[in-house]
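Novice: Let me give you the structure first, and then I'll get to my questions.
Please treat every number below as a calculation from the coordinates, not as lab data. Worth saying up front: this structure is predicted, and the values here are computed from it rather than measured. Using ideal geometry, Cβ is built from the backbone for each residue, glycine included, and neighbour counts are taken over all protein chains shown.
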Amino acid sequence: MLGVLPADSGRRPVTVVSMGLGGSTNHDPRRIEVVTDGRRFEALQADWESLWSRSSGAGASESFDYCLNAWRAVAEPQGHRLFCLVGWQDDTMVAAWPLTLSRRAAWTVGQALGASGTELHRVMTDDGIDQRRWIRSAWDVLRKRSGADLVTLPMLLPGPAREELVGARTYRTALEPDAAVHVDFGGASDWDSYYESLSASGRSRRAKGRRRLAARGTVSFEVVRGGDPRAADLVQWTLENKRAWSRRTGKDGSWLHSSAYQDFLVRQSATTTGNQETLVMRLVLDERTLATAICILSGGVLEGVIAAFDPEYDKFSPGVQLNDCSVRWAFDHGLEYSLGPGTEPYKLFWDEDGVVDLLTLQMTTSRWGMTAVAGRQAVERGRGLLARAASRISAPAAGTVAAGTQG
């Protein structure tokens, strides 16, 4: 059995129960603290950052600054409640799983703490503990203590935590697959040899695009570091052009148009401490911004967050050209590059073997939650039946000859 600390605990109470966390047979004191108070959450910073540095694979969305900015700018203003599960071994933080709770119609929904729902997620744990055992205990606490009817965990990366959650005992689990591209450069020692190993046709198209754009003026690439006073304006430029692109293409998301998400990005771009730094990559023609990419540098990995381009220069593919410059910058600085969700051709160009599978889980934690899932599935089945009926009505009957085509 696992000791659970009361919610809103302002200090770390003593351990109640002992249970082995590591691979040895020794029994070490451990407990899970349920953090629901923002002040207590902020007080975890030093322990959180120490854990982040000991957790292999921990990325930008697990860093303390990212989580705190997502809470302050997005989740808290929208009326969500904090429900962060923190694992302790003696006085050392060994796991952190930040979640929030909100009401949707008649249901309480738990979800991973994030700014957009498009972040790549992991459950952060110390490498020295039994990760599956901890997530199993934490899931039990979440199921019994949160009051959630449904829990949504988007874009989960492979690992012990995901394996345990997929097999967790719930009423029903929906699995939605996705993928991302991660470029590690295959141990290449120099850029030229790495670049020459890539698709010849892709390199040819890129060279042609660079020549066409260079004929219009002086093209330059710039990296605006976190804390630069220009960053807030570049965040606004990025969002304005990304929103316009989403309207043109029909690829929309409510988070993209929210002032809360803009506030989050501005906060991120001003953050200069902790385990991560936000960078704004910028492609410039003379003095005109043609494309931007907001990225986060953390733990030897550059992670793409959001990118946009000037639609007047669409035919020159400025977004692709900026991506080329950003990948080269990451290589030159000894970094890997996570290109984020999606397997578009411009991402696969860099590493066709770098596709990482993602999984979004929706798990019901109560019978009341099952009614929400069942209702949605019934609606989806109804839409499918209507679509099939409409297609049968519009399709010509078998053997019918269209007017004017008889011989």
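Novice: Just how far, in whole angstrom, is the stretch 44-87 from the stretch 282-311 if you go by their alpha carbon centroids?
Specialist: If we compute the Cα centre of each part, the gap is 24 Å.
Novice: By a straight-distance test (C-alpha under 22 Å), which lysines pair with residue 242 as possible cross-link partners, with residues fewer than eight away in the same chain excluded?
Specialist: 251, 315, 347
Novice: Among 339, 245, 322, which residue has its Cα positioned farthest towards the positive end of the charge dipole of the stretch 236-381, with +1 placed on the Cβ of Lys and Arg, -1 on the Cβ of Asp and Glu, and the dipole taken about the Cα centre?
Specialist: The residue sitting most towards the positive pole is 245.
Novice: Using amide H atoms built 1.01 Å from N in the peptide plane, name the residues 5+ places from residue 340, or on other chains, whose amide H lies under 5 Å from its own.
Specialist: Hits under the 5 Å cutoff: 181, 304.
Novice: Follow-up question, since we're still on this one. Pull up the DSSP beta bridges for the stretch 185-353 and report the antiparallel fraction as a percent, rounded to 5.
Specialist: Numbers: 23 of 26 bridges.
Of those bridges, close to 90 percent are antiparallel.
Novice: Residue by residue, what Karplus-based ³J(HN,Hα) values in Hz, rounded to whole numbers, does the stretch 89-102 have, using 6.51, -1.76 and 1.60 with θ = phi - 60° and x for Gly and Pro?
Specialist: Coupling constants for the stretch 89-102: 10, 6, 9, 10, 6, 10, 6, 8, 9, x, 9, 10, 10, 8 Hz.
Novice: What are the ³J(HN,Hα) couplings of the stretch 131-146, residue after residue, when phi is run through the Karplus curve with 6.51, -1.76, 1.60 and θ = phi - 60°? Round to Hz, x for glycine and proline.
Specialist: 5, 5, 5, 5, 5, 5, 5, 5, 4, 5, 5, 4, 5, 8, 10, 7
Novice: What is the sum of charges around residue 255, taking Lys and Arg as +1, Asp and Glu as -1, for the other residues whose C-beta is under 13 Å from the C-beta of residue 255? Don't jump to the answer; show the numbers that get you there.
Specialist: Working: positive: 242, 243, 251; negative: 119, 252, 263.
Spelling it out: positives minus negatives among the neighbours equals 0.
Novice: Cut-off is 10 Å between beta-carbons; in what order do 283, 198, 302 appear when sorted fewest neighbours first? Display every interim value, and only then the final one.
Specialist: Values: 283 28, 198 14, 302 24.
Ordered by Cβ neighbours within 10 Å, fewest first: 198, 302, 283.
Novice: What translational diffusion coefficient, in µm²/s and rounded to a whole number, does the Stokes-Einstein relation yield for the stretch 185-353 at 10 °C and a viscosity of 1.306 mPa s, taking the hydrodynamic radius as the Kirkwood radius over Cα pairs? Before the final figure, lay out the partial values.
Specialist: Details: Rh = 16.7 Å.
Translational D for this selection: 95 µm²/s.
Novice: Show the residues, 5+ positions off or on another chain, whose built amide H is closer than 5 Å to the amide H of residue 113.
Specialist: Answer set, sorted by chain and number: 99, 100.
Novice: Give me the distance in nm between label points sitting 7 Å out from Cα along the Cα-to-Cβ direction at residue 184 and residue 367, one decimal.
Specialist: Calculated label separation equals 4.8 nm.
Novice: What number, in percent, do you get for the relative contact order of the stretch 185-353 if the mean sequence gap of Cα pairs under 8 Å and at least 6 apart is divided by its residue count? Mind showing how you got there, number by number?
Specialist: Details: 232 pairs, mean separation 39.9, N = 169.
It rounds to 24 percent for the stretch 185-353.
Novice: Taking every Cα atom in the stretch 244-311, find the radius of gyration and the maximum pairwise distance Dmax, and write them in Å.
Specialist: Just the Cα atoms of the stretch 244-311 yield Rg and Dmax of 13.6, 38 Å.
Novice: Hey, can you grab everything whose amide H is under 5 Å from the amide H of residue 226? Only 5+ residues off in sequence or another chain; H modelled, so Pro and N-termini drop out.
Specialist: Those qualifying (amide H under 5 Å, at least 5 residues apart or on another chain) are 278.
Novice: Using the Karplus curve 6.51 cos²θ - 1.76 cosθ + 1.60 with θ = phi - 60°, what ³J(HN,Hα) values do you get for each residue of the stretch 113-128, in whole Hz, with x for Gly and Pro?
Specialist: Per-residue couplings from phi come out as 5, x, 9, 9, x, 9, 5, 7, 10, 9, 9, 7, 9, 5, 5, x Hz.
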